[in-house]
Amino acid sequence: MSLTERRRETRLPLQIPLQYRPLSEPSVPAQKATTVNISQRGVFFLTDYPFQINSAAELTFGFPRELSGRQTVDVCCTARVVRVEHLQNGGSIGVGMYIERMEMIPKQARKTA
């Protein structure tokens, strides 16, 4: 079965800023990235962090209205790496993650910039 056939949801090519923190290394501070595409249950983004298949991370980003059906809402997710793609653009790695758990971040808990 090909990767395309295994996908259950449509992926949208949206560039959404996100922060990630590998759960296996709590001392690593949150890192910034941008999605390449996103679906209801997964994200794909580029990073230089050496993620491995099946490793977990905490992701924080604005879940887009194109997927939620309502206004963008900030979420915090636990996600697991299901795909690692080594790219030839100077060391970046494409990481596909399956979202296992997602929680909305209450407005009063959001950081102001």
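The values are calculated or read from the model by the stated rules, or taken from the named source; none is laboratory data. The model shown is predicted, which means the values in this text are computed figures rather than measured ones. In case anyone asks, the SASA skips ligands and DNA or RNA and just uses the protein heavy atoms, side chains included. Shrake-Rupley method; radii C 1.70, N 1.55, O 1.52, S 1.80 Å.
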Problem - At q = 0.21, 0.25, 0.29 Å⁻¹, base-10 log of I(q)/I(0) for the range 18-58 (Debye sum, equal scatterers on each alpha carbon) - result: -0.70, -0.98, -1.23
Completion exercise
Excluding ligands, DNA and RNA, the carbon-plus-sulfur percentage of the accessible area of the chain with a 1.4 Å probe reads 49 percent
Fill in the blank from the handout: Amide H neighbours of Ala30 at under 5 Å, excluding residues fewer than 5 places away on the same chain, with H built from the backbone geometry, are none
Handout entry: Residue-normalised accessible area of the chain, expressed per residue, 1.4 Å probe, Å²
Key = 65 Å²
Handout entry: Taking the convex hull of Cα positions in the range 32-88, its mean projected area over all directions (nm²)
Key = 4.1 nm²
Completion exercise
Inverse of <1/r> over all distinct C-alpha pairs of the chain, i.e. the Kirkwood Rh in Å, gives 14.6 Å
